[in-house]
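Working notes, beginning with the structure itself.
The values are calculated or read from the model by the stated rules, or taken from the named source; none is laboratory data. The structure presented is a predicted model; accordingly, all values stated were derived computationally and were not measured. Using ideal geometry, Cβ is built from the backbone for each residue, glycine included, and neighbour counts are taken over all protein chains shown. Areas reflect the complete protein model, heavy atoms only, side chains present, ligands, DNA and RNA absent. Shrake-Rupley method; radii C 1.70, N 1.55, O 1.52, S 1.80 Å.
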Amino acid sequence: LQELPEALVKQADNIRVLDASNNALATFPSPDNFKRLARLVLAGNQTLATLPTSLGEFDKLEYLDVRSCKLNQLPQHMPPLLRTLLAAHNEIQSTPSASLPHLQKLDISHNKLTAFPSAMIVPPCAI
């Protein structure tokens, strides 16, 4: 599968979970089509080198799995409710400077990072 079928994209308003792993996707549609998407799995798409710059507009997205793609970076604006980010086995050299306050699980192993992405991690508030 090199792109998502047009019929799926047109009916995407109600999709909450989409697993399009292990295909040959090179791009992913804009968030306008996937307003309720909470879980997105694109792992194993060896031709996926970039994520949409509008990824931060997926305002319901909590889980993103992009392991084993060809990503060299993550978008500067990430989904605000993101809790799980699995981006291992890519070619990522840098991470977003924006914080991810809801992030609970982060896997960025086996990349080309030169520094820990501390900006993505928000320390817990003192009570």
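This table checks each residue for (1) within 14 Å of the chain's Cα centre (by Cα); (2) of a type in the set (S, T, N, Q); (3) loosely packed, with under 13 Cβ neighbours inside 10 Å; (4) modelled with pLDDT of 95 or more.
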residue: A87; (1), (2), (3), (4): yes, no, no, yes
residue: L100; (1), (2), (3), (4): yes, no, no, no
residue: L103; (1), (2), (3), (4): yes, no, no, no
residue: P117; (1), (2), (3), (4): no, no, no, no
residue: V122; (1), (2), (3), (4): no, no, yes, no
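Just give me the residues in segment 1-41 being outside any loop (DSSP other than H, G, I, E, B), open to solvent by less than 30 Å² (accessible area, probe 1.4 Å) and within 16 Å of L64 (Cβ to Cβ), in sequence order.
L18, P31, L40, V41
Going through segment 71-83 one residue at a time, which ones are open to solvent by 80 Å² or more (accessible area, probe 1.4 Å), more than 11 Å from L100 (Cβ to Cβ) and either modelled with pLDDT of 95 or more or not in a loop (DSSP other than H, G, I, E, B) (or both)?
Answer for segment 71-83, where residues must be open to solvent by 80 Å² or more (accessible area, probe 1.4 Å), more than 11 Å from L100 (Cβ to Cβ) and either modelled with pLDDT of 95 or more or not in a loop (DSSP other than H, G, I, E, B) (or both): just Q73.
Taking segment 52-70 as the region of interest, how many residues are of a type outside the set (K, R), assigned to a loop (DSSP other than H, G, I, E, B) and under 16 Å from L103 (Cβ atoms)?
Qualifying residue count for the region: 5.
Return yes or no: is T53 of a type in the set (S, T, N, Q), without any contact (Cβ under 8 Å) to a residue 60 or more places away in the chain and touching a His at 6+ places or on another chain (Cβ under 8 Å)?
yes
For segment 59-70, give me the residue count where each residue is more than 22 Å from D32 (Cα to Cα) and buried (at least 18 other Cβ atoms within 10 Å of the Cβ).
So the answer is 3.
Cβ-Cβ below 6 Å, separation at least six or inter-chain, first residue in segment 100-112 and hydroxyl-bearing (S, T, Y) and in a loop (DSSP other than H, G, I, E, B), second open to solvent by less than 80 Å² (accessible area, probe 1.4 Å) and modelled with pLDDT of 95 or more: which pairs?
Within 6 Å, the pairs are S109/A88.
Among the listed residues G56, G44, which satisfies the condition of being closer than 30 Å to N14 by Cβ, surrounded by 15 or more Cβ atoms within 10 Å (Cβ to Cβ), touching a Ser or Thr at 6+ places or on another chain (Cβ under 6 Å) and among the small types (G, A, S)?
Selected residue: G44, the only one of G56, G44 that is closer than 30 Å to N14 by Cβ, surrounded by 15 or more Cβ atoms within 10 Å (Cβ to Cβ), touching a Ser or Thr at 6+ places or on another chain (Cβ under 6 Å) and among the small types (G, A, S).
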